[in-house]
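The values are calculated or read from the model by the stated rules, or taken from the named source; none is laboratory data. Computed from a predicted model, the values in this text were never measured in an experiment. No Cβ is skipped: glycine too gets one built from the backbone with ideal geometry, and neighbour counts run over all protein chains shown. Just the protein is used for accessible areas: all its heavy atoms, side chains included, with ligands, DNA and RNA removed. Shrake-Rupley method; radii C 1.70, N 1.55, O 1.52, S 1.80 Å.
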Amino acid sequence: QVQLVETGGGLVQVGGSLSLSCEASGRTFDIHDLAWFRQTQGKEREFVAAINWKSGAAVVADAGKGRFTIRRDNGGNTVLLQMSSLEPEDTAVYYCTAGRSTGEFEYWGQGTQVTVSS
């Protein structure tokens, strides 16, 4: 009932910035929270940031604090993950997720690759 498409991934140098976009469609009014997760080779998927669809309250994981910002674009159906001071450890496939209830993320995008060169 909700479709998610991530864009904006690519190759950046250490210390650079990159903005990822998640466009939600379908029954977006059912979304409770939208979140970003990332997954690197040999590691489990890691929580990055989340935003409440209605209130805009946002949470950023410790790994991204001070560097990452999640925001909803003008209250529309696009959520941005703005990343700065990127490090090689940020290299991962980044996934946009959404759920209809707190702590549930039943909808997933296809992922977008972020590669940070050392």
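Things worth noting here:
- Taking Thr115, Thr102, Thr28 and ordering them by how much accessible surface each has at a 1.4 Å probe, largest first, produces Thr102, Thr115, Thr28.
- From phi via Karplus (6.51, -1.76, 1.60), per-residue ³J(HN,Hα) for segment 95-102 in Hz, x at Gly/Pro: 10, 8, 9, 8, x, 8, 9, 4
- Once the Cβ-Cβ distance of Ser25 and Ser118 is raised to the sixth power relative to R0 = 35 Å, the FRET efficiency obtained is 0.45.
- Cleavage-rule hits (trypsin sites (Lys or Arg not before Pro)) in segment 63-118: DSSP loop, at most 13 neighbouring Cβ within 10 angstrom: Lys65
- Across segment 1-69, C-alpha contacts under 8 Å between residues 6 or more apart give a mean separation that, scaled by the residue count, equals a relative contact order of 21 percent.
- Amide H contacts under 5 Å for Gly26, placed H, 5+ residues apart: Gln3
- Using C-alpha pairs under 8 Å with a sequence gap of at least 6, the mean separation divided by the residue count of the chain gives a relative contact order of 35 percent.
- With Cα atoms defining each centre, segment 75-118 and segment 31-49 are spaced 6 Å apart in the structure.
- Surface calculation, 1.4 Å probe, protein heavy atoms: Leu80 sits at approximately 40 Å² accessible.
- Computed with a 1.4 Å probe on the full set of protein chains, the accessible area for Thr91 sits at about 40 Å².
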